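Q: After the structure tokens below, expect a handful of questions from me.
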Amino acid sequence: MKNHVPIIIPDVQYDEVEDDFRRILSTGILTTGPYVAKFEEAVADRVGVDHAIATTSATTALHLAFIVSEVGPGDEVLLSDFTHPATANAVLQTGATPVLVDAGADDFTMDLEHARTLMSERTRVIVPVDLFGQPADHFAFEGLAAEVGARLVVDAACSLGASRGGRECGAHGDLGCFSFHPRKVVTCGEGGMVTTSDSLLADRLRLLRNHGARRIGERTLGFIEPGFNYRLSEIPAALGLSQMRRIDQILLDRRETASRYDEALASLAEVHVPESTPDTTWSYQSYVVTLNTEVDRDAVVTAMAGFGIETTIGTYALHRQPAFSGWGYGPGDLPNSSRFADHSLTLPVIPRMAASQVERVVGTLASVLESL
């Protein structure tokens with residue numbers, strides 16, 4: 001459709017990777033090669049940690065993070081209820097019990113005080129999620145985890161390039177987990193990364209992502225423990241590496257678009273724009289607002305599509321999804337998460353988005369809200 005505005009266009013430039021792709025194909029080394037190592041090094045340097053371990057997705061990154069944190073049956077893992085189901089799925093794959101924590105009243109991320117009420121001697125890990133590139137209060141959660149000897153594993157899937165308290169997301173807590181899905185700031189198509197400064201955890205992560213194998217001779221592998229095939233391939237790594245070389249430019253572009261949205265939306269009474277705190281910088285993986293409760297968000301999404309503008313929900317309230325209905329949560333248990341699930345709206349953020357495009361999106365949204 002002419003003049004269609006999609007929710008996102010990956011900031012990928014073929015001329016940056018064409019030579020790399022040819023080189024990879026000519027060597028025959030398609031996995032676990034030099035491009036994966038360079039990509040890992042680039043992410044570790046950016047985040048400010050000693051180790052970055054590439055994986056096939058953020059879901060497998062989270063799974064490995066839970067495994068090396070010794071999570072298993074009988075353990076509890078506190079996680080944000082307002083998140084993508086992948087966060088909870090990775091917990092369930094360990095046999096542990098997810099414990100869902102509400103969002104803050106005016107903050108998409110995990111509510112600290114609600115999390116505190118859910119802590120127990122069975123709490124093995126706390127998993128705050130950096131929704132849409134907005135950092136959770138990681139320093140406070142580090143203290144909370146220390147109270148019961150739990151690990152802090154940050155679901156930083158959306159927050160590469162964001163920071164809190166002068167520390168890059170992915171460097172808080174014990175482990176951070178990133179995504180390189182097409183809607184992320186940096187994409188490999190699919191891919192993930194675990195970041196840590198704990199060398200023992202990093203060694204075990206590398207072991208487990210490669211079938212639990214370790215080289216014990218020039219051409220011999222020893223299989224130390226049962227593992228997984230969670231290795232990232234060379235071509236996706238080269239794609240991600242190309243964007244890491246200009247990540248500051250990508251982030252600046254997104255923040256400029258977000259700033260235009262902030263200004264343009266200020267006059268719409270039906271729209272609440274979340275505000276960052278002074279000690280945070282956001283990556284704006286997505287630009288997400290909240291509509292007043294009397295507004296039918298789904299009707300807005302449908303109407304915007306009719307004008308050629310793609311919008312979507314923010315994300316999900318896990319306790320309301322059929323896959324997780326057996327956990328004993330009922331209506332009203334997690335009210336903030338439910339409200340955000342029903343009334344959050346994601347607006348388009350595309351590379352080098354013109355001011356006129358932002359004006360068109362906001363103008364159309366204003367007209368749609370007036371007509372409903």
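The values are calculated or read from the model by the stated rules, or taken from the named source; none is laboratory data. Since the model is a prediction, treat every value here as computed from it, not as a measurement. Quick reminder, even Gly has a Cβ in these numbers, built from the backbone with ideal geometry, and neighbours come from all protein chains shown. Ligands, DNA and RNA are stripped out before the accessible areas are found, and what is left, the full protein with its side chains, is counted by its heavy atoms. Shrake-Rupley method; radii C 1.70, N 1.55, O 1.52, S 1.80 Å.
Q: Please list, in order along the stretch 291-307, the HN-Hα scalar couplings obtained from phi with the Karplus expression 6.51 cos²θ - 1.76 cosθ + 1.60 (θ = phi - 60°), rounded to whole Hz, x for Gly and Pro.
A: 3J(HN,Hα) across the stretch 291-307, in whole Hz: 8, 4, 5, 7, 8, 7, 4, 4, 5, 5, 4, 5, 5, 4, 4, x, 9.
Q: For the chain, what is the mean residue ellipticity at 222 nm derived from helices alone (per DSSP H run of n ≥ 4: -39500 (n - 2.57); sum divided by total residues; nearest 500 deg cm²/dmol)? Walk me through the numbers before you get to the answer.
A: Details: 12 runs with 140 residues, N = 372.
One gets -11500 deg cm²/dmol as the mean residue ellipticity at 222 nm.
Q: Here is a further query. Under a Cβ-only charge scheme (Lys and Arg +1, Asp and Glu -1), can you give me the dipole magnitude of the stretch 224-372 about the Cα centre, in debye to the nearest 20?
A: The calculation lands at about 460 debye.
Q: Still on this model: Please give the length that would be gained between E41 and R22 if that part of the chain were fully extended, namely 0.36 nm times their separation in residues minus their C-alpha to C-alpha distance (nm, one decimal).
A: Using 0.36 nm per residue and subtracting the Cα-Cα distance, I get 4.7 nm.
Q: Also: Quick check for you: which residues of the stretch 350-364 have the amide N under 15 Å from the point 7 Å beyond the Cα of L252 toward its beta carbon?
A: Taking a point 7 Å out along Cα→Cβ of L252, the residues of the stretch 350-364 whose backbone N falls under 15 Å are 352-353.
Q: With springs only between Cα atoms under 10 Å, which of F82, F340, F228 fluctuates most in a Gaussian network model of the chain?
A: F228
Q: Cα-based Rg (one decimal) and Dmax (whole number) for the stretch 101-200, in Å?
A: Values for the stretch 101-200 (Cα only, Rg and Dmax): 13.4, 40 Å.
Q: Can I ask one more? What distance in nm separates the two pseudo spin-label positions at Q93 and S199, each 7 Å out from Cα along the beta-carbon direction?
A: Output for this residue pair reads 2.9 nm.
Q: Quick one: ranking S179, S199 by accessible area, 1.4 Å probe, largest first, what do you get? Please report the intermediate quantities before stating the final value.
A: Details: S179 15, S199 60 Å².
Descending accessible area places them as S199, S179.
Q: Placing unit charges on C-beta atoms (Lys and Arg positive, Asp and Glu negative, everything else neutral), compute the dipole magnitude of the chain about its Cα centre in debye, rounded to 20.
A: Roughly 1180 debye for the chain.
Q: Using alpha-carbon pairs under 8 Å, 6+ residues apart, how would you state the relative contact order of the stretch 90-155 in percent? Display every interim value, and only then the final one.
A: Numbers: 75 pairs, mean separation 18.8, N = 66.
Relative contact order comes out at 29 percent.
Q: Around I313, which amide H atoms from residues at least 5 apart in sequence, or from another chain, sit under 5 Å from its own amide H, with H modelled in the peptide plane?
A: T346
Q: Would you mind computing, in nm to one decimal, how far apart the modelled labels at N292 and A354 are, each placed 7 Å from Cα along Cα→Cβ?
A: Each label point is offset 7 Å from its Cα along the Cβ direction, giving 3.3 nm.
Q: Could you pull out every residue, at least 5 positions away or on a different chain, whose amide H is within less than 5 Å of the one on I7? Hs are placed 1.01 Å off N in the peptide plane, and Pro or chain starts have none.
A: Under 5 Å from the amide H of I7: E310.
Q: Rounded to whole Å and sorted largest first, list the principal axis extents of the Cα atoms in the stretch 159-249.
A: Taking max minus min along each principal axis of the Cα atoms, the stretch 159-249 gives 44, 30, 20 Å.
Q: I've got another one for you. Give me, ordered by chain and number, the residues 5 or more places off T31 or on other chains with an amide H under 5 Å from its own placed amide H.
A: The list, which skips near neighbours in sequence, is E234.
Q: ³J(HN,Hα) across the stretch 176-186 via Karplus (A = 6.51, B = -1.76, C = 1.60, θ = phi - 60°), whole Hz, x for Gly/Pro?
A: Once rounded to whole Hz, the list reads x, 10, 10, 10, 10, 4, x, 8, 8, 4, 10.
Q: Still on this structure, please answer the following. Label the chain by shape, choosing from rounded, prolate and oblate, from the square roots a ≥ b ≥ c of the eigenvalues of the Cα gyration tensor; if a/c is under 1.5 it is rounded, and otherwise prolate applies when a/b is larger than b/c, oblate when it is not.
A: It is oblate, given that a/c is not under 1.5 and a/b is not larger than b/c.
Q: Here is a follow-up. Identify the GluC sites (Glu not before Pro) of the stretch 155-242 meeting these criteria: DSSP loop state and at most 14 other C-beta atoms within 10 Å of the C-beta. If you can, show how the numbers build up before the last one.
A: On the way: sites: E168, E190, E218, E234; in loops: E190, E218.
Loop-located and lightly packed - E218.
Q: To continue, here is another question. When the Karplus curve 6.51 cos²θ - 1.76 cosθ + 1.60 is applied with θ = phi - 60°, which whole-Hz ³J(HN,Hα) does each residue of the stretch 60-72 get, with x for Gly and Pro?
A: Couplings: 6, 4, 4, 4, 4, 4, 6, 4, 6, 8, 6, 7, x Hz.
Q: Would you mind counting up the charge near E16? Only other residues with Cβ under 10 Å from its Cβ, with Lys and Arg at +1 and Asp and Glu at -1.
A: -2
Q: Considering the alpha-carbon set of the stretch 235-308 alone, what are its Rg and its Dmax in angstrom?
A: Just the Cα atoms of the stretch 235-308 yield Rg and Dmax of 16.2, 47 Å.
Q: Can you give me the C-alpha center-to-center distance between the stretch 283-335 and the stretch 187-211, rounded to a whole angstrom?
A: So the two Cα centres are separated by 31 Å.
Q: Here's something else I'd like to know. Find the all-direction average of the projected area of the Cα convex hull for the stretch 1-155, expressing the result in square nanometres with one decimal place. Walk me through the intermediate numbers first.
A: Working: hull surface 51.3 nm².
For the stretch 1-155, the mean projected area of the Cα convex hull comes to 12.8 nm².
Q: Something else: Between D15 and D262, what is the label-to-label distance in nm when each label sits 7 Å out along the Cα-to-Cβ direction?
A: Between D15 and D262, the label points sit 3.3 nm apart.
Q: Please work out the Cα center distance from the stretch 96-173 to the stretch 47-64, rounded to the nearest Å.
A: The two parts, judged by their Cα centres, are 17 Å apart.
Q: For Cα pairs less than 8 Å apart in space and 6+ apart in sequence, what is the mean separation divided by the residue count of the stretch 161-279, i.e. the relative contact order in percent? Before the final figure, lay out the partial values.
A: On the way: 123 pairs, mean separation 23.8, N = 119.
20 percent.
Q: Report for the chain the percent antiparallel among DSSP-assigned beta bridges with both residues inside it, nearest 5.
A: About 65 percent, rounded to the nearest 5.
Q: While we're here: Farthest toward the dipole's positive end in the chain, which of P274, V91, V43, given Cβ charges of +1 (Lys, Arg) and -1 (Asp, Glu) about the Cα centre?
A: Ranked along the dipole, the leading option is V43.
Q: Report the local net charge at V71: Lys and Arg +1, Asp and Glu -1, summed over other residues whose C-beta lies under 10 Å from its C-beta.
A: In short, -1.
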